[in-house]
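The values are calculated or read from the model by the stated rules, or taken from the named source; none is laboratory data. Note that this is a predicted model, so its numbers are computed, not measured. Positions of Cβ are generated from backbone atoms using ideal geometry, with glycine treated the same way; all protein chains shown enter the neighbour counts. Just the protein is used for accessible areas: all its heavy atoms, side chains included, with ligands, DNA and RNA removed. Shrake-Rupley method; radii C 1.70, N 1.55, O 1.52, S 1.80 Å.
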Amino acid sequence: MESILVAGGAGYVGSHACKALAAAGYRPVTLDNLVTGHADAVKWGPLVEADIADVETVRRIAREYEITTAMHFAARSLVGESVSKPDLYYENNVVGTLRLVEALSAEGLKHLVFSSTAAVYGAAEGELIAEDTPARPINPYGETKLAIERALGWIGPAKGFSWCALRYFNAAGADPDGEIGERHDPETHLIPNLVRATLGAGPGLKVFGDDYPTPDGSCVRDYVHVVDLVEAHIKALDWLKAGGASRPFNLGTGKGLSVLEVIAAAERALGRRPPYEIVGRRAGDPPRLVADPAAAMAAFGWTPTRSDPDTLVASVAAFEAASAA
Ligand SMILES: NC(=O)c1ccc[n+]([C@@H]2O[C@H](COP(=O)([O-])OP(=O)(O)OC[C@H]3O[C@@H](n4cnc5c(N)ncnc54)[C@H](O)[C@@H]3O)[C@@H](O)[C@H]2O)c1
C-alpha cells in the first residue's frame, strides 16, 4: 500500500482527504502539530504530531513510510488574524512550507498537491474567475498562499517534483457518514454558523450587507462540498502521476450562491427559520467570487456532485447532530 504524507491531516479538509485516500487504497500518514486540528479526526492512518518546519522529523517519516507523494493542507487560514499577525502567517505558511518541501524533496518527493485559495485573486471582478485572472491578494493570508505557488514554480523543477496548487473557493459540508466535519475555533464560515444558529446551538447569524450589486443584495460565493473537494485532490494526484503539468487549478462549482440563498436552504433542510439579522458590510468583502472550474474539470475529469445548497446544509446538520449526541 502506498503511503501519502498528509500535512494538516487533522484539520477540516485534510481529515476528509485522509478518508478519501484510504478509500482509494492509500495509507494517509498525517503530519500535524494540532494547532487548529483535532487528533480524533485522524482515523484512517497514523498521526505524527510535529510541525511542518521540523525538517528532521519530516525526513524521518518520509524515509519510514517511503513517501514520494504529499498533500499539504497545513496552514493558518483566518483572514482577519492574518492582517493583525502577518508575521505569524509568513512564518507558518511560507517558511514552514519551504522547510516541509526541503525535507520531503531531500527524501525523493515526486508529487505535491498544495491547498491554495481563492484569496489569491483578492477582490477580482467578473462573472467567473479563471486561473489567468491576475492574482492580487488583499490580505497576508492570500499573499502567503500565492508566495508558495510562485515558489513551487521554481523549486519543483529544480528539485524534480511536480505539483498542483488547488485554489479552493468556499469549502463547505461534512462527511456524509457524520464521522468528521468542520470544527474550526473560532468558526468563521457561513454554513456551520448558520446550522448552529438554526438549531439553537450558536448565536444568531449576522448577514454583512444587503446592498451589494447582486440579485438579492447579499454577497455571492462559490461553495464546494468538502467531499467533492477531496475527490479533486485524488484526481489531481492521478494527473500528476500521469505526467500532468504543474500549475494552479480552481476548485469551485462555477455557480454562485448568495448568503440569503444559503439561509433559505437551511430553512428547507432544518424545517425552522434561521435567526439572522442584516448588518453593515464588512470591510474587504467583494460582492461576488465565483470560480471558473473548467480547467480542473477538463484536466481531471472532475465534476462536483454534492455542492448544491440543500446537500451542503443537510450534511453539516447531520454532523452537528452526530457531534451533539
Ligand atoms: N476551509 C476553507 O474554506 C478553505 C478555503 C480555501 C483554502 N483553504 C486551505 O485549505 C487548507 C485546509 O483548511 P482547513 O479549513 O481544513 O483548515 P484547518 O485549520 O481545519 O486545518 C489545518 C491543519 O493544519 C495544521 N497545521 C497548521 N499549521 C501547522 C504546522 N506549522 N505544522 C503542522 N500542522 C499545522 C492544523 O493543526 C490543522 O490540523 C488550508 O491550507 C487552507 O488555507 C481552506
Query raised in the report: What is the one condition in (1) within 13 Å of the ligand (Cβ to nearest atom); (2) without any contact (Cβ under 8 Å) to a residue 24 or more places away in the chain that TRP154 does not satisfy?
Result: (1)
Requested in this report: Could you tell me whether any residue of the stretch 51-62 is away from the ligand (no atom under 14 Å from the Cβ), surrounded by fewer than 24 Cβ atoms within 10 Å (Cβ to Cβ), in the same structural domain as ALA103 (by TED's automatic domain parsing) and part of a strand (DSSP E or B)?
Outcome: no
Report task. Hey, can you tell me all the residues within the stretch 143-162 that are crowded, with 18+ Cβ neighbours inside 10 Å and in a loop (DSSP other than H, G, I, E, B)? Result -> PHE161
Report task. For the stretch 96-108, indicate whether the set of residues that are within 15 Å of the ligand (Cβ to nearest atom), open to solvent by 50 Å² or more (accessible area, probe 1.4 Å) and not in a helix (DSSP H, G or I) is non-empty. Result -> no
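Rundown of residues vs (1) basic (Lys, Arg); (2) not in a loop (DSSP other than H, G, I, E, B), yes/no style:
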site: VAL227; (1), (2): no, yes
site: VAL230; (1), (2): no, yes
site: HIS233; (1), (2): no, yes
site: ALA236; (1), (2): no, yes
site: LYS255; (1), (2): yes, no
site: VAL262; (1), (2): no, yes
site: THR303; (1), (2): no, no
site: GLU320; (1), (2): no, yes
Query raised in the report: So, of the residues in the stretch 190-208 that are assigned to a strand (DSSP E or B) and not β-branched (Val, Ile, Thr), which turns out to be most open to solvent (accessible area, probe 1.4 Å)?
Result: LYS206
Query raised in the report: Do the conditions hold for GLY142, that is, is it farther than 17 Å from LEU100 by Cβ and at pLDDT below 95?
Result: no
Query raised in the report: Any idea how many residues of the stretch 265-285 are closer than 26 Å to GLU127 by Cα and surrounded by fewer than 17 Cβ atoms within 10 Å (Cβ to Cβ)?
Result: 8
**Report entry** Odd one out for ARG167, checked against (1) open to solvent by 50 Å² or more (accessible area, probe 1.4 Å); (2) among the charged types (D, E, K, R); (3) under 18 Å from SER246 (Cβ atoms)
**Finding:** (1)
Query raised in the report: Taking the stretch 172-189 as the search range and keeping residues that are crowded, with 18+ Cβ neighbours inside 10 Å and near the ligand (Cβ under 10 Å from one of its atoms), which one is nearest to the chain's Cα centre (by Cα)?
Result: ALA172
Query raised in the report: When you go through TYR26, TYR65 one by one, which is the residue that is among the hydroxyl-bearing types (Ser, Thr, Tyr), away from the ligand (no atom under 12 Å from the Cβ) and touching a residue at least 60 places away in the same chain (Cβ under 8 Å)?
Result: TYR65
